[in-house]
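I have placed the structure first, in the form of structure tokens, so that the comments after it can refer back to it.
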Amino acid sequence: MDIVIGIILLISFFALAWYCIKGYNLMIGFLVITIVWTVLPLLGTLFVSQDFLDANTILQFSSNKELVKILNGIYQSGPEGWGTTLVNVCWGAWFGRVLMDTGIASTLIRKTVELGGDKPIITITLLNIVTAIIFTSMTGAGPVIAIGVIVLPILFSLGVPKPIALFSFMGSVAAGIYLNPVNFAQYRAFYLKTEEMPDFTLSWYAAHWGYAALIIMLVSTTVLTGIYLAKSKRSHAWAAQTRNPQAAQKDAPLYTLFLPIVPVVLNIAFNFSVIGGFVIAGFAALFLCGRMKGTFKENCQLVNKLYYDGVVDTAPLVGFLLTLPMFNAVAKYASPYFKSVIGGIMPKSELVVCIVFAALLFMGLFRGPMTLVGCGAATLGVLSNVGHFSIPFLYAVFAIPTITVNIGSCITQSWVAWGLAYSKVESRDFLKLSIPNAYVAGIIQYAATFILLSGLGAEWFL
């Protein structure tokens, strides 16, 4: 009977994959699948053998009180446990709005273009580096769009074909996300709570794998951009103008241009609070750029408005993050049934995992079963229960399809969809450029994952 239930759960898993691929609302999708995965495993305890229950003690409950405790753990404790992640997301969004409002982000872009001169490939390389640096701190659709309406018209005016310009920009955004403390906290929460493994910090992650992942993505994107550009026909669009009102404001002071990386540097170098870094760098930017010259009431209103705008930027993400921990919590009750069906074919070797995931990188597209912002959480639940893989290793295994493939290469990503509409680029033209990059960067990143993170000690095991 456990195999029958496992097959039904597996069908529901593929139904979720189809749902994500179609681009439907992720919050509702994960709420529905959570309910299904609650009902089936718990009802299954009435029909499966006693040996199966003895081997999977998490499925055993002998009273209504214990059943209520299980349900509370899924639907109440799960979302509550993500409080830290949501706070980081909100403050990170506020900091992104500060960088846009003060003109620091746009000034960085303009100074980079001046440094590149009239040589497109040099300008592209510098813009990619600066964009990646910016998005080690900024995150969300709002900041990406705000920077995009500055960067993309510049590339168009240099004669870079629109598909190549869009591919280059989105790839560099994804590169920066590899060291973004907000995204790190968000993805880390798929595996465990902060107090459960205090050693797995952004500092540890960056030193052991994060820097390598960022550099690989950035270099791959830039090199392929150069190759694509060499094979294409230049198409000048000198009339292209940015519609961003920030472009007309005066430059931010040069000594403020280092502020975007302050939160990341403080966290990596000193294990300083991520939110504390956002607050220090954010208020420093507001004061040094002259945005706090009004009355106390006016300054409070400014800070409040920036926070409001930042939270609005992340509102869809917040809804998703409040249902996802329910799914993560219920996955442990479904995993024994999955193990009965596919446990024998799931890879148990770190080398095999890297090879299989590298070959199946395309499944990170369209919110597929490899990306954590799709239905990859289910794949993670199954994989983590069939092999003794360390959490840092699993983090990297799923971060690659989530960031390199989905965030940087997939048309279902919100800001990629915006970029396609803004630049009037066809989806297929973008995918022809982004999918090869996903494989080039992804394969190298999996090689780095095996070299740098395989064979960690037992203290890192799930």
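Kirkwood hydrodynamic radius, computed over distinct alpha-carbon pairs, for the stretch 394-437: how many Å, to one decimal?
10.8
Whole percent per 10 Å bin, from 0 to the bin with the longest distance: what is P(r) over all C-alpha pairs of the stretch 253-330?
In whole percents, the pair-distance histogram is 16, 32, 35, 14, 4, 0.
Determine how large the accessible area of Glu80 is when every protein chain is in place; take a 1.4 Å probe and give Å² rounded to the nearest 10.
120
Taking H as built 1.01 Å from N, whose amide H comes closer than 5 Å to the amide H of Ala252, not counting residues under 5 places away?
Thr107
Return the sequence-ordered ³J(HN,Hα) values of the stretch 164-181 in whole Hz as given by the Karplus equation 6.51 cos²θ - 1.76 cosθ + 1.60 applied to θ = phi - 60°, using x for Gly and Pro.
5, 4, 5, 4, 4, 5, 5, x, 6, 4, 4, 4, x, 4, 4, 10, 7, x
Report, ordered by chain and residue number, the lysines lying within cross-link reach of Lys119, taken as a straight Cα distance under 27 Å and ignoring same-chain residues fewer than 8 apart.
Lys111, Lys162, Lys231, Lys233, Lys250, Lys424, Lys432
Which lysines does Lys339 reach when only Cα atoms under 29 Å apart count, and residues fewer than 8 places away in its own chain are ignored?
Lys22, Lys65, Lys69, Lys193, Lys348
The values are calculated or read from the model by the stated rules, or taken from the named source; none is laboratory data. Being a predicted model, the structure only gives us computed values, none of them experimental. These area figures cover heavy atoms from the full protein model, side chains too; ligands, DNA and RNA do not enter into them. Shrake-Rupley method; radii C 1.70, N 1.55, O 1.52, S 1.80 Å.
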